[in-house]
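Q: For reference, the structure I am asking about is given below.
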Amino acid sequence: PVHCGDLVGTMDDARRFRKLLENPESRGGRELSRRLYRRLFEPLARSVSTEKLVIVPHGVLHYLPFNALCDGERALIEKYQIRILPSAGVLRYLQGKRTAAAANILALGNPDLGNPVYDLKYAQTEALAVAQTLPQSRALVRREATETAFRKYSGAFRYIHLATHGRFDADAPLKSALLLAGDAENDGRLTVDKLYTLRLQADLVTLSACETGMGKIAGGDDVVGLTRGFRYAGARSIVASLWKVDDLATSDLMKRFYANLKKDDKAQALRQAQLEIKKHHPHPFYWAAFQLT
């Protein structure tokens with residue numbers, strides 16, 4: 001319901017808002033948030049009679065954290081559970097029964113990338129803590145967190161959690177990658193094109209890394225990137241980030257998220273975890289980057 005005359009301004013505001021949220025010291029995001037809310041959501045608000053929203057974004061809105069839009073008093077995350085659907089066409093691949101995975105959580109964290117600069121100590125703690133959330137789970141860290149191990153074990157787990165660095169390549173999105181430890185068999189770069197060769201039974205893949213929800217808009221307004229790669233490999237849902245996230249705040253958020261999964265569905269579990277982080281770190285940089293696709 002955005003008038004054509006407002007469309008260019010809305011897209012520009014969405015880009016500016018996203019850029020502001022990448023910096024925890026930024027100011028001015030609240031006014032942009034209210035403006036985007038008025039243009040994108042307010043015309044629909046009276047028609048919404050549920051707390052559960054599925055949003056199908058278009059263009060640059062794929063990179064907009066809808067959970068952070070504010071009506072002037074409350075952000076959308078305080079009122080709704082939000083899921084993102086990359087395109088309506090994806091629904092056909094999410095129907096029907098699936099074979100249940102035998103084990104619960106496979107968590108890979110803080111892989112040894114051969115350079116201390118890339119160490120993520122909180123990601124290692126996060127992976128170990130996440131794996132302790134449910135029985136029949138396994139954590140692989142440092143030299144054990146290899147691409148080879150991921151290929152070997154990932155098909156048997158219901159939840160897959162990857163706490164490592166991510167790289168988005170806008171010019172070659174099929175080469176966007178999660179960085180795992182390398183060995184004699186594989187180089188450790190889990191790229192999108194490699195994901196197309198895997199078969200997963202995962203109900204959820206969580207990419208607790210930098211810019212893992214990013215991609216390049218392709219024909220049909222779908223996004224080519226890691227989330228598409230994991231969907232193609234068989235994951236029903238993906239939690240991924242829209243910008244480079246804070247290691248400590250993300251570790252805290254993920255521990256809360258998996259604890260919440262014991263009693264809530266995925267959207268509500270993520271929402272509650274983000275609301276808890278928001279209490280301690282109000283700036284959206286710390287809590288709004290992750291979305292459920």
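The values are calculated or read from the model by the stated rules, or taken from the named source; none is laboratory data. Everything numeric in this text was worked out from a predicted model, so none of it was measured. Reconstructed Cβ throughout: ideal geometry from the backbone, glycine too, with neighbour counts over all protein chains shown. Only protein heavy atoms, including side chains, enter the accessible area calculation; ligands, DNA and RNA are left aside. Shrake-Rupley method; radii C 1.70, N 1.55, O 1.52, S 1.80 Å.
Q: Residues Gln132, Gln124: which one is open to solvent by 70 Å² or more (accessible area, probe 1.4 Å), among the polar types (S, T, N, Q) and more than 23 Å from Arg228 (Cα to Cα)?
A: Working: Gln124 fails: open to solvent by 70 Å² or more (accessible area, probe 1.4 Å).
Gln132 is the lone residue from the list that is open to solvent by 70 Å² or more (accessible area, probe 1.4 Å), among the polar types (S, T, N, Q) and more than 23 Å from Arg228 (Cα to Cα).
Q: Starting from residues that are over 24 Å from Asp246 (Cα atoms) and part of a loop (DSSP other than H, G, I, E, B), keep the ones in the stretch 160-178 and report whichever is most open to solvent (accessible area, probe 1.4 Å).
A: That would be Asp171.
Q: Are there any pairs with C-beta distances below 6 angstrom linking a residue in the stretch 10-25 that is under 14 Å from Trp243 (Cα atoms) to a residue that is assigned to a helix (DSSP H, G or I) and of a type in the set (Phe, Trp, Tyr), with the two at least 6 apart or on different chains, and if so which?
A: Every condition considered, the pairs that remain are Arg18/Tyr63; Leu21/Phe285; Pro24/Phe285.
Q: Do you know which of the residues in the stretch 42-60 that are more than 23 Å from the chain's Cα centre (by Cα) and within 20 Å of Asp12 (Cα to Cα) is surrounded by the most Cβ atoms within 10 Å (Cβ to Cβ)?
A: Glu42
Q: Looking only at the stretch 45-55, filter to residues that are aliphatic (A, V, I, L, M) and out of contact with any helix residue (DSSP H, G or I) (no Cβ under 6 Å at 6 or more places or on another chain); which one of those is modelled with the lowest pLDDT?
A: Step one: filter the stretch 45-55 for residues aliphatic (A, V, I, L, M), giving 45, 48, 53-55.
This time we only want the ones that are out of contact with any helix residue (DSSP H, G or I) (no Cβ under 6 Å at 6 or more places or on another chain), so: 45, 48, 53-54.
Details: Ala45: 89, Val48: 92, Leu53: 94, Val54: 93.
Here the residue is Ala45.
Q: May I pose another question? Is it true that Leu113 is open to solvent by less than 30 Å² (accessible area, probe 1.4 Å) and either at pLDDT 90 or above or assigned to a helix (DSSP H, G or I) (or both)?
A: Working: open to solvent by less than 30 Å² (accessible area, probe 1.4 Å): no; either at pLDDT 90 or above or assigned to a helix (DSSP H, G or I) (or both): yes.
For Leu113, the condition - open to solvent by less than 30 Å² (accessible area, probe 1.4 Å) and either at pLDDT 90 or above or assigned to a helix (DSSP H, G or I) (or both) - is not met.
Q: Check whether at least one residue in the stretch 4-26 is more than 24 Å from Thr293 (Cβ to Cβ), at pLDDT 90 or above and open to solvent by 80 Å² or more (accessible area, probe 1.4 Å), and report yes or no.
A: yes
Q: Considering each of Arg34, Arg39 in turn, give the residue that is open to solvent by 30 Å² or more (accessible area, probe 1.4 Å), under 19 Å from Phe285 (Cβ atoms), in a helix (DSSP H, G or I) and in contact (Cβ under 8 Å) with a residue 24 or more places away in the chain.
A: Numbers: Arg39 fails: under 19 Å from Phe285 (Cβ atoms).
When all the criteria are applied, what remains is Arg34.
Q: Return the pairs, sorted by first residue and then second, in which the second residue is of a type in the set (Gly, Ala, Ser) and open to solvent by 40 Å² or more (accessible area, probe 1.4 Å), the first residue lies in the stretch 71-94 and is in contact (Cβ under 8 Å) with a residue 60 or more places away in the chain, the beta carbons are less than 8 Å apart, and the residues are 6+ apart or on different chains.
A: The qualifying pairs are Ser87/Gly220; Gly89/Gly220.
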